[in-house]
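Notes follow the structure.
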Amino acid sequence: MARIRKLLISNRGEIAIRVIRTCRQRGIETVAIYSEADRAAPHVRAADEAYCVGPPPSRDSYLAQEKILEVARRARVDAIHPGYGFLSENASFARACQSAGIIFIGPPASAMESMGEKTRARTAMSRAGIPVVPGSTEPLRNAKDAQLLADQIGYPVMLKAASGGGGKGMRKVDSAADFASAWRAAKGEALNAFGNDAVYLEKFLDRPRHVEIQVFADSHGGCIHLNERECSAQRRHQKVIEETPSTIVDQRMREAMGQVAVRAATAVGYVGAGTIEFLVDSQRSFYFLEMNTRLQVEHPVTEWVTGLDLVAWQIRVAEGERLPIDRPLSPRGHAVEARVYAEDPAEGFLPSPGRITYLRSPGGPFVREDSGVETGYVVPSEYDPMIAKLSAWAPTRREAIARLRSALDEYAVTGITTNIRYLAAILDHPSFLAGDYDTGLLTREHQKLLGAIDPQQEELALIASAVLAYERDARRARSMGKQSELPGISAWRLAPKRRWDRR
């Protein structure tokens, strides 16, 4: 068995820190990479060594294979952990690592090609007799062919990045009139996120649930599943809140989905952590959607209910060990995770890059924060705006939701706009609390989730802004050698020639 003593994380943010923590526990030295935009990022300081790999655009840094491999050679690492996103599902990168004598902590390139390329995976599953959502079996060559297929299948349809995941390169098309613009947007986003603009098409199912199965396989033929995760709370096809167990899955359905997932992974010689994703209709019939050939963002909820460290499992399997267990574990209690984004839900989820002027993280029993930011950190505009994941565990679903809801109330971030209030509204929504929701919930209930403006809060915000403006002007005046009380220096004031009394 190969012993990993030094490992490079070819990623950034919270997942880089997550991997570093497990490596530290296992006595493995870590190497971080960063773009010029991430020079002061927490993951850079958390690692034992760190190297700049290029300018801010991901294609010139986090997607630049040769630059990353050059750092790996210079640092003399034994292995590379790709995290998720960027190069995590790139078969050519996995092969390049192997050619360089570096362990790639993920599946073999052949398995990645079979399942990481979405259309190829759909074809393989169809041949294996596993139901798939109707759609194309190959990446679509041009917009004309794609639209002809969409006309045959019937609208609405989904355009999806063939090499992607995480909601990137995905567009719903409601009519032929919308097709051309959706085609361009999906291809452009796919190219920017994954370095490959290939897209495919599938029928859009009405009000489905999105349920996935975590699988794990070793190089000795062992393969198990670690139960399901419910991921139906989504905005723009991007998961926002995940939980396990799913409220729609009973033990019989769990076993059936788990068996299909294990069969799918075994069929392609899979090794490592992977996720088989399904859409579930109102009759609880499930359809293969895709396989993510990597660790998932939402893996903490599985760790909560199984008590396992999935990153440690990845490393052990990469070193050649057998899986430490040979059968699924029954879920213990319930776990829920919320993704915290630097974005403004009221402005169409517009990203909100900028400096975090204050950060207070929540705590308490059975609360976990996976974060890649800190007070003073500047959230860059070049990457996905997720800044942290907050998760909680409890014996029951109702208690887990209440615990996560309380933790969100403790979360404080200033300087940028976040979706924390929006996340709290989702947890409070009657349909979510009842466990009776689908992938369209957040779209249908968007205005309700935003909530009405509280007049008292609006007035307090106005007063606070006035006080901050006054103090800013006073500091500026003092730096210029003038008196500190300057009722006339501000560009505006509520009452001319009146001093503020903040007693």
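Here are a few things to note about the model shown:
- Cα convex hull volume per residue for the stretch 198-277 (Å³): 127
- Pairwise centroid distance, computed over Cα atoms, of the stretch 1-52 with the stretch 260-280, Å: 28
- Percentage relative contact order, the stretch 146-265, counting C-alpha pairs under 8 Å, at least six apart: 20
- Bridgeable lysines around residue 168 (alpha carbons under 25 Å apart, same-chain partners fewer than 8 residues away excluded): 67, 118, 144, 160, 187, 203, 239, 389.
- Dipole of the chain [Lys/Arg +1, Asp/Glu -1 at C-beta], most positive-end residue of 412, 152, 307: 412
- Only DSSP H runs of four or more residues enter the estimate; each adds -39500 (n - 2.57), and after division by the residues of the chain the mean residue ellipticity at 222 nm equals -10000 deg cm²/dmol.
- Using only the C-alpha atoms, the convex hull of the stretch 364-415 corresponds to 88 Å³ per residue.
- Volume in Å³ per residue [convex hull over Cα atoms, computed for the stretch 6-105]: 79
- In a reduced charge model with +1 at each Lys and Arg Cβ and -1 at each Asp and Glu Cβ, the chain shows a dipole moment near 1000 debye about its Cα centre.
- Gain upon complete extension [residue 175, residue 192; 0.36 nm per residue less C-alpha separation]: 3.6 nm
- Compared with the direct C-alpha span, the chain from residue 471 to residue 184 gains 98.5 nm at full extension, assuming 0.36 nm per residue.
- Rounded to 10°, Cα long-axis angle of helix 179-194 versus longest principal axis of the chain: 90
- Scattering profile of the stretch 90-244 at q = 0.12, 0.15, 0.20 Å⁻¹ [log10 I(q)/I(0), Debye over alpha-carbon scatterers]: -0.59, -0.91, -1.42
- Across the alpha-carbon atoms of the stretch 57-100, the computed radius of gyration and Dmax are 9.9, 27 angstrom.
- Estimated FRET transfer efficiency when R0 is 35 angstrom, pair residue 281-residue 36 (beta carbons, to 0.05): 0.15
- As a rough footprinting exposure proxy, the listed residues 232, 371 were ranked by other beta carbons within 10 Å of their own, and the order from fewest upward is 371, 232.
- Computed from backbone phi, the HN-Hα couplings of the stretch 229-239 come to 10, 8, 10, 7, 7, 10, 10, 6, 6, 10, 4 Hz, rounded to whole numbers (Karplus: 6.51 cos²θ - 1.76 cosθ + 1.60, θ = phi - 60°; Gly and Pro given as x).
- Summary value for the stretch 6-105: 29 percent relative contact order, contacts being C-alpha pairs under 8 angstrom separated by 6+ residues.
- Residue order, fewest to most surrounding Cβ atoms within 10 angstrom, among 243, 319: 319, 243
- 220, 225 arranged by Cβ crowding within 10 Å, fewest neighbours leading: 220, 225
- Pair-distance profile P(r), taking every C-alpha pair of the stretch 135-203, with 5 angstrom steps and integer %: 4, 21, 34, 25, 13, 3
- Amide N of the stretch 195-217 lying under 14 Å from the label point, which is placed 7 angstrom from the Cα of residue 431 along Cα→Cβ: 206-210
- Full-stretch length increase - residue 448, residue 250 - with 0.36 nm per residue and alpha-carbon distance subtracted: 68.2 nm
Throughout, read-outs are computed from the coordinates displayed, never taken from laboratory work. The structure presented is a predicted model; accordingly, all values stated were derived computationally and were not measured. Neighbour counts are summed over all protein chains in view; Cβ atoms, including those assigned to glycine, are modelled from backbone coordinates with ideal geometry.
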